[in-house]
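Nothing in this text is a laboratory measurement; each read-out follows from the coordinates by a stated rule. Worth saying up front: this structure is predicted, and the values here are computed from it rather than measured. Here the Cβ positions follow ideal geometry from the backbone for every residue, glycine too, while neighbour counts run over all protein chains shown.
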Amino acid sequence: MFRRGRSQAEVAHALGVSAQSVSRWYTLWRDGGRKALLGAGRAGRLPRLSDEQLAQVVGALKSGPRANGFSTDLWTLKRVADVIESVTGVRYGTSQTWEILRERLGWSRQRPARRALERNDEAIANWVGNDWPRIKKAPGAGRRGSSSKTKAASPSSPR
C-alpha cells in the first residue's frame, strides 16, 4: 500500500489499525523495504487453546448444559468457562470466554424465549382458532366503548 502511494492514514483506515502501528510499519518499510515488514510476525499472544482443544470444547458445548453436569439447560459464560477448564485444563474468565465464543467460534449471544412452564400451545391455538373469532363477531364487538361516547355540552358546562 505504501509502494502504491497510499498515505499512512489511508492504510490505518483500510486495515483498521492504529496510526502508531502504521507509522512504525512505514518506517520499517522505508528503511528496509518489504522484507523488513516480514519480520514482524504475529502480533499479540498466541492462543492458549489449540484448534484441536477448541473442537473438543465445541463437542462438549453442543451436548448441552445438563450433559456437562449443570442443573438447567441454560448456558452462561461462567458455565462455558467451567466446561473449557474441565475439557482442556485451561482457565478463562468470563470476558475471555466471550471472546473465544465470538471471535474464534463465530457464535453469538442467544436469549431463551421466556414462556411459562404451564403454557399449553395446543389450548392457545384452539382459543385463537375458535373462541377469538366468536368473540370478535359478537354483537357490539365493532362498536365503540362507553368511554368514547360524546356528550352534548350544556350551556353551563365548561369546555
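Comparison of ARG102, ARG109, ARG48 shows that the only residue that is under 17 Å from the mean Cα position of the chain (by Cα) and surrounded by 12 or more Cβ atoms within 10 Å (Cβ to Cβ) is ARG102. Can you name the residue in region 51-97 that is of a type in the set (Val, Ile, Thr) and surrounded by fewer than 17 Cβ atoms within 10 Å (Cβ to Cβ) and is also nearest to ARG109 (Cα to Cα) among such residues? The selected residue is THR76. The single residue among SER86, SER71, SER95 that is polar (S, T, N, Q), out of contact with any Asp or Glu (no Cβ under 9 Å at 6 or more places or on another chain), over 16 Å from ASP51 (Cα atoms) and in a loop (DSSP other than H, G, I, E, B) turns out to be SER71.
With the requirement that a residue be over 20 Å from PRO112 (Cβ atoms) and in contact with a helix residue (DSSP H, G or I) (Cβ under 6 Å, 6 or more places away or on another chain), what does region 61-85 give you? Listed by number, the list holds a single entry, ILE84.
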